[in-house]
Each structure stands twice: as structure tokens, then as C-alpha cells.
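Engineer: Take this structure first; my questions come after.
The values are calculated or read from the model by the stated rules, or taken from the named source; none is laboratory data. What you see is a predicted model; the values in this text were computed from it and never measured. Quick reminder, even Gly has a Cβ in these numbers, built from the backbone with ideal geometry, and neighbours come from all protein chains shown.
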Amino acid sequence: MTTQLEQAWELAKQRYAATGVDVEAALRQLDRVPVSMHCWQGDDVAGFENPQGSLTGGIQATGNYPGKARNAAELRADLEQAMSLIPGPKRLNLHAIYLESDAPVARNDIKPEHFKNWVSWAKTHGLGLDFNPSCFSHPLSADGFTLSHANDEIRQFWIDHCKASRRVSAWFGEQLGTPSVMNIWIPDGMKDLTVDRFAPRKRLLDALDDVMSEKLNPAHHIDAVESKLFGIGAESYTVGSNEFYMGYATSRQTALCLDAGHFHPTEVISDKISAAMLFVPRLLLHVSRPVRWDSDHVVLLDDETQAIASEIIRHDLFDRVHIGLDFFDASINRIAAWIIGTRNMKKALLRALLEPTDELRQRERDGDYTGRLALLEEQKSLPWQAVWEMYCQRHDVPAGRQWLDNVRAYEKDVLANRK
């Protein structure tokens with residue numbers, strides 16, 4: 001530990017103590033909040049079922065930065081490189097298309113054995129795993145419908161895929177000793193004017209009930225459902241709307257997934273957290289950054305990311321909110337994207353933990369809105385960076401931009417050799 005870092009740390013402790021904040025307690029709490037990194041940043045959502053296939057379902061990865069992962073071994077190596085430069089607890093979120101098998105496996109026939117290498121890897125690195133069925137980029141989703149499909153056989157295929165995915169998810173939780181959050185998102189919708197909006201939603205309701213009919217141990221598996229405003233090819237009508245999934249999660253008491261890019265551009269999910277938590281047992285957050293549409297840009301340390309973190313911390317939602325990331329940018333180094341986004345999420349959580357929330361809440365109750373605003377603004381210039389640097393130091397991770405040197409070296413030695 002350098003003298004300069006020690007000095008900055010001691011000064012920061014004193015500054016925060018003067019506001020009633022214990023920075024050591026904040027760091028202990030930060031070590032309780034894992035962030036679930038998403039595997040699909042590493043290979044542009046291709047997966048290993050059919051790596052030559054094209055993306056469908058309103059999903060697009062733009063750019064062609066060299067060196068993307070071509071197989072599971074490369075993806076795990078890239079994840080290890082990224083995780084080594086991110087402090088604190090982490091998880092990994094997998095999609096069903098990231099299975100490993102010597103022979104083709106139909107999506108409705110995936111089994112735990114197809115993910116055994118992922119579980120072994122997660123055990124080695126002390127990680128929890130989360131999961132998602134992959135209801136896109138498939139011949140039976142080509143017309144834009146899956147769980148709400150009017151064709152009984154096609155709809156049953158996707159029901160069976162989601163059922164198989166739940167069993168994989170529960171196996172993750174059983175093997176790793178931490179529940180796997182399995183999120184269901186489907187691309188179902190229509191590009192243009194829609195006459196019958198009711199029937200697809202009724203079919204989706206019945207299909208989801210069928211999917212979740214098998215009782216699984218909540219210590220191993222947590223169900224979540226995710227809405228979307230629109231997608232490419234589904235600009236006019238989305239079956240799984242916010243109202244649909246809010247009603248479903250409330251009535252069935254599943255977790256509700258809020259994705260930062262899945263709402264109107266004037267909406268933010270930070271404002272939805274406190275409302276949804278009154279009615280659902282758990283939330284899953286997909287922290288992303290939309291730019292004019294659900295484009296899933298790398299997470300910044302911006303106002304909305306900070307507001308999301310603050311809502312979690314201010315309302316003590318650590319055990320009810322699961323934080324996941326959802327972005328994919330193929331125009332920049334994919335490993336750097338993981339690191340930037342995940343470190344920013346953790347920085348936002350730390351800044352929220354360093355807030356004098358009790359005092360701010362009391363001023364609000366007393367009607368002292370002047371004092372509330374003044375303290376919130378003064379808080380922004382307190383030396384949180386020194387606390388972050390100490391946190392990184394304790395986790396043996398570069399505190400500043402030095403991590404980029406590690407990524408550049410990995411790019412030169414490893415990524416540049418991938419063709």
C-alpha cells in the first residue's frame with residue numbers, strides 16, 4: 001500500500017465520518033452485493049449452438065472488433081481476464097445457447113450435462129451462475145412468436161425449452177449453493193398494426209403457467225419475467241408488455257425483471273423499483289444504457305446508473321434485488337466493455353453506500369428540502385474515489401486506468417491470434 005493511498009484513505013475516512021458515514025461498514029456491505037456479468041458481451045450473442053447463425057428477435061450487435069470468443073474455452077478465458085480486474089463479488093449470467101455438446105442439441109432437450117463445464121469453472125472461481133432460456137435466433141422463432149405462438153406445436157416447443165431451462169437453472173443453484181435467477185424474455189410481437197392483441201397475451205399467460213408448473217426449490221432457483229417496449233420487427237405490438245409482466249409477477253409472485261433499455265425513452269427504471277417492490281417478492285435488474293432505443297451500450301457511471309444503485313441501498317433491498325448487466329458492444333474491446341460496465345455498477349453502489357441516508361431521510365420528513373438538496377449536491381464532491389481505490393487495493397485489483405494496460409497486453413498476446 002502506497003503512502004499516497006494511505007493518506008488519501010485516511011482523509012476520506014475523516015471526511016465521511018464527519019457526515020456520519022462509516023466507510024469500513026460501506027466496504028463490508030459492498031462485499032455483500034454481487035453483480036452478475038453477462039456472457040454474451042464476449043461473443044456478440046452468438047452462443048455455441050450455431051455460431052454461424054444470425055441474430056433475430058430484435059437483437060443486434062454492431063461492430064467487428066477483432067478477437068471475439070469463438071468457443072466456450074475462449075469465452076471463459078476472456079471472462080477470467082475481465083473478472084481479475086473487477087473488485088468484489090461477481091456472478092455469471094448464461095444463455096441456453098452457450099451449452100457445450102459434441103452433437104447438436106435441440107433447445108427443448110437441453111440438460112444439466114450440457115453445462116457441466118460451466119459449473120466446474122464456476123466452482124473453481126467461487127461464482128454463482130444465473131440462466132436464461134434463448135427464445136430467439138431459431139427457425140421456430142423466425143416469424144416473431146414463441147411462447148405466444150398460435151401454432152400449438154411451436155408454442156409447445158418453446159414451453160418445453162423453458163421447462164428444460166428451469167431444470168438447468170435449479171441444477172446450477174444446487175451445485176453452487178446459491179440460487180440461480182432464471183429470466184424469461186421473449187421477442188414476441190408485430191411490426192405493424194395489430195388486430196387481436198388479446199389472444200397472444202392469453203396464450204402467453206397460459207404458457208408461462210405451464211412452464212412454471214413444476215415446483216422447484218427456491219433455494220436453488222428463482223423465476224423472473226422481463227418486459228420490453230419494442231424491438232426490431234416488433235415496433236407496433238409487444239406481447240410481453242410492462243403491464244402484462246407486472247400483472248404476471250404480482251399475481252404469481254415471481255421476480256420481475258426491469259431492463260434499463262426496455263421502456264419509453266422518457267422513463268427510467270430507478271423510479272419503478274420502489275413501486276414494483278410493494279407487489280413482487282424480488283426484482284432482477286438488467287442494467288444497460290439505451291441510446292435512442294434499446295441498443296445496450298456499455299454502462300456508464302451516469303445519473304441513472306447512480307439512481308438505480310441508490311434505490312437499492314436507500315431501501316435496504318440487498319436480499320430482494322438481483323443486479324445483472326445487459327450490454328453488448330462489438331465496436332470496442334469486448335473485455336474492456338465488461339470491465340468498464342461492471343466497475344461502474346460497483347462504483348455506483350459504493351457511492352450510494354457512502355451517502356448519509358438517515359440524515360437525508362430525516363430532512364425530507366421534516367420538510368427541509370433546501371437542506372436535502374444541499375447535502376445531496378455536497379455529497380458528490382466528497383472523496384469517494386479514495387474509498388474505491390482502497391477497495392480495489394484490498395481485492396488486489398488496479399484502482400485506476402492501469403487495468404487497461406492488462407487488457408492491452410491480453411489483446412496483443414491472445415485476442416490478436418484469433419482469426
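Engineer: Looking at segment 152-168, is at least one residue outside any helix (DSSP H, G or I), surrounded by fewer than 19 Cβ atoms within 10 Å (Cβ to Cβ) and modelled with pLDDT of 95 or more? It would help to see each step written out before you state the result.
Structural biologist: First pass over segment 152-168, keeping only residues outside any helix (DSSP H, G or I): none.
Within segment 152-168 (the criterion being outside any helix (DSSP H, G or I), surrounded by fewer than 19 Cβ atoms within 10 Å (Cβ to Cβ) and modelled with pLDDT of 95 or more), the answer is no, since none of the residues qualifies.
Engineer: Would you point out the residue of segment 263-289, among those that are buried (at least 17 other Cβ atoms within 10 Å of the Cβ), under 27 Å from ILE340 (Cα atoms) and aliphatic (A, V, I, L, M), that is farthest from the chain's Cα centre (by Cα)? Outline the logic, then answer.
Structural biologist: Of the residues in segment 263-289, the ones buried (at least 17 other Cβ atoms within 10 Å of the Cβ) are 263, 269-270, 272-273, 276-277, 280, 282-289.
Those still in the list that are under 27 Å from ILE340 (Cα atoms) too: 263, 269-270, 272-273, 282-289.
Going one step further and asking which of them are aliphatic (A, V, I, L, M), we end up with 269, 273, 283-285, 287.
Values: ILE269: 13, ILE273: 15, LEU283: 11, LEU284: 8, LEU285: 6, VAL287: 6 Å.
Here the answer is ILE273.
Engineer: Within segment 198-209, is there a residue that is at pLDDT 95 or above and either in a loop (DSSP other than H, G, I, E, B) or touching a Pro at 6+ places or on another chain (Cβ under 8 Å) (or both)? Give the steps one after another, and end with the answer.
Structural biologist: Going through segment 198-209, the residues at pLDDT 95 or above turn out to be 198-209.
If we keep only those that are either in a loop (DSSP other than H, G, I, E, B) or touching a Pro at 6+ places or on another chain (Cβ under 8 Å) (or both) as well, we get none.
No - not one qualifying residue is present in segment 198-209.
Engineer: Quick test for you: out of ALA399, ALA409, ALA336, ALA386, pick the one residue that is closer than 25 Å to GLU24 by Cα, modelled with pLDDT of 95 or more and hydrophobic (A, V, I, L, M, F, W, C). Full working, then the answer.
Structural biologist: On the way: ALA399 fails: modelled with pLDDT of 95 or more; ALA409 fails: closer than 25 Å to GLU24 by Cα; ALA336 fails: closer than 25 Å to GLU24 by Cα.
Exactly one residue qualifies, and that residue is ALA386.
Engineer: For residues in segment 229-252 being touching a residue at least 40 places away in the same chain (Cβ under 8 Å) and under 16 Å from LEU283 (Cβ atoms), which is surrounded by the fewest Cβ atoms within 10 Å (Cβ to Cβ)?
Structural biologist: Ranking the qualifying residues of segment 229-252, first place goes to ARG252.
Engineer: On to the next question. Of the residues that sit in segment 1-49 and are of a type in the set (D, E, K, R) and farther than 30 Å from ILE332 by Cα, which one is modelled with the lowest pLDDT?
Structural biologist: Let us first name the residues in segment 1-49 that are of a type in the set (D, E, K, R), namely 6, 10, 13, 15, 22, 24, 28, 31-32, 43-44, 49.
Those still in the list that are farther than 30 Å from ILE332 by Cα too: 6, 10, 13, 15, 22, 24, 28, 32.
Working: GLU6: 91, GLU10: 95, LYS13: 96, ARG15: 96, ASP22: 97, GLU24: 97, ARG28: 97, ARG32: 96.
Going through the qualifying residues, I end up with GLU6.
Engineer: Go through (1) within 22 Å of GLN14 (Cα to Cα); (2) free of Cβ contacts under 8 Å to residues at least 40 places away in the same chain; (3) surrounded by 15 or more Cβ atoms within 10 Å (Cβ to Cβ) for ARG363 and report which single condition fails.
Structural biologist: (1)
Engineer: Restrict the check to segment 310-325 and report whether at least one residue is in contact with a Gly (Cβ under 9 Å, 6 or more places away or on another chain), acidic (Asp, Glu) and touching a residue at least 12 places away in the same chain (Cβ under 8 Å). It would help to see each step written out before you state the result.
Structural biologist: In the first step, residues of segment 310-325 are kept if they are in contact with a Gly (Cβ under 9 Å, 6 or more places away or on another chain); the result is 325.
Then keep just the ones that are acidic (Asp, Glu); that gives none.
No - not one qualifying residue is present in segment 310-325.
Engineer: Any idea which of (1) more than 22 Å from the chain's Cα centre (by Cα); (2) β-branched (Val, Ile, Thr); (3) surrounded by 15 or more Cβ atoms within 10 Å (Cβ to Cβ); (4) farther than 22 Å from HIS95 by Cβ is the one VAL211 doesn't satisfy?
Structural biologist: Tallying (1) more than 22 Å from the chain's Cα centre (by Cα); (2) β-branched (Val, Ile, Thr); (3) surrounded by 15 or more Cβ atoms within 10 Å (Cβ to Cβ); (4) farther than 22 Å from HIS95 by Cβ, VAL211 fails exactly one: (4).
Engineer: Cβ-Cβ distance below 8 Å, separation of 6 or more or different chains: which pairs start in segment 395-419 with a residue that is over 19 Å from ILE332 (Cβ atoms) and end on one that is among the polar types (S, T, N, Q) and surrounded by 15 or more Cβ atoms within 10 Å (Cβ to Cβ)?
Structural biologist: As it stands, the answer is VAL397/SER84; ALA399/GLN393, since those pairs meet every condition given.
Engineer: Name the residue that is nearest to LEU353 (Cα to Cα), counting only residues in segment 368-419 that are β-branched (Val, Ile, Thr) and in a helix (DSSP H, G or I). Lay out the reasoning, then the answer.
Structural biologist: Restricting attention to segment 368-419, the residues satisfying the condition of being β-branched (Val, Ile, Thr) are 370, 387, 397, 407, 414.
From the residues that got through so far, the ones that are in a helix (DSSP H, G or I) too are 370, 387, 407.
Values: THR370: 22, VAL387: 11, VAL407: 29 Å.
Within segment 368-419, the match that is nearest to LEU353 (Cα to Cα) is VAL387.
Engineer: If you don't mind, another one. Do we find a residue being among the hydrophobic types (A, V, I, L, M, F, W, C) and in contact with an Asp or Glu (Cβ under 8 Å, 6 or more places away or on another chain) anywhere in segment 122-131?
Structural biologist: Looking only at segment 122-131, we keep the residues that are among the hydrophobic types (A, V, I, L, M, F, W, C), and these are 122, 127, 129, 131.
Filter once more, keeping what is in contact with an Asp or Glu (Cβ under 8 Å, 6 or more places away or on another chain): none.
No, segment 122-131 contains no residue that is among the hydrophobic types (A, V, I, L, M, F, W, C) and in contact with an Asp or Glu (Cβ under 8 Å, 6 or more places away or on another chain).
Engineer: Return the only residue of HIS221, HIS286, HIS297 being farther than 29 Å from MET190 by Cα and either modelled with pLDDT of 95 or more or in contact with a His (Cβ under 8 Å, 6 or more places away or on another chain) (or both). Steps first, answer last, please.
Structural biologist: Numbers: HIS286 fails: farther than 29 Å from MET190 by Cα; HIS297 fails: farther than 29 Å from MET190 by Cα.
The unique qualifying residue is HIS221.
Engineer: A follow-up question, please. Looking only at segment 245-280, which residues are out of contact with any Lys or Arg (no Cβ under 7 Å at 6 or more places or on another chain), under 25 Å from ASN217 (Cβ atoms) and not hydroxyl-bearing (Ser, Thr, Tyr)?
Structural biologist: Those that are out of contact with any Lys or Arg (no Cβ under 7 Å at 6 or more places or on another chain), under 25 Å from ASN217 (Cβ atoms) and not hydroxyl-bearing (Ser, Thr, Tyr): ALA249, ARG252, GLN253, LEU256, CYS257, ALA276, PHE279, VAL280.
Per-residue answers, yes or no, for (1) farther than 22 Å from LEU75 by Cα; (2) aliphatic (A, V, I, L, M); (3) surrounded by 11 or more Cβ atoms within 10 Å (Cβ to Cβ):
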site	(1), (2), (3)
THR370	yes, no, no
LEU373	yes, yes, yes
PRO383	yes, no, yes
TRP388	yes, no, yes
HIS395	yes, no, yes
GLN402	yes, no, yes
ASN406	no, no, yes
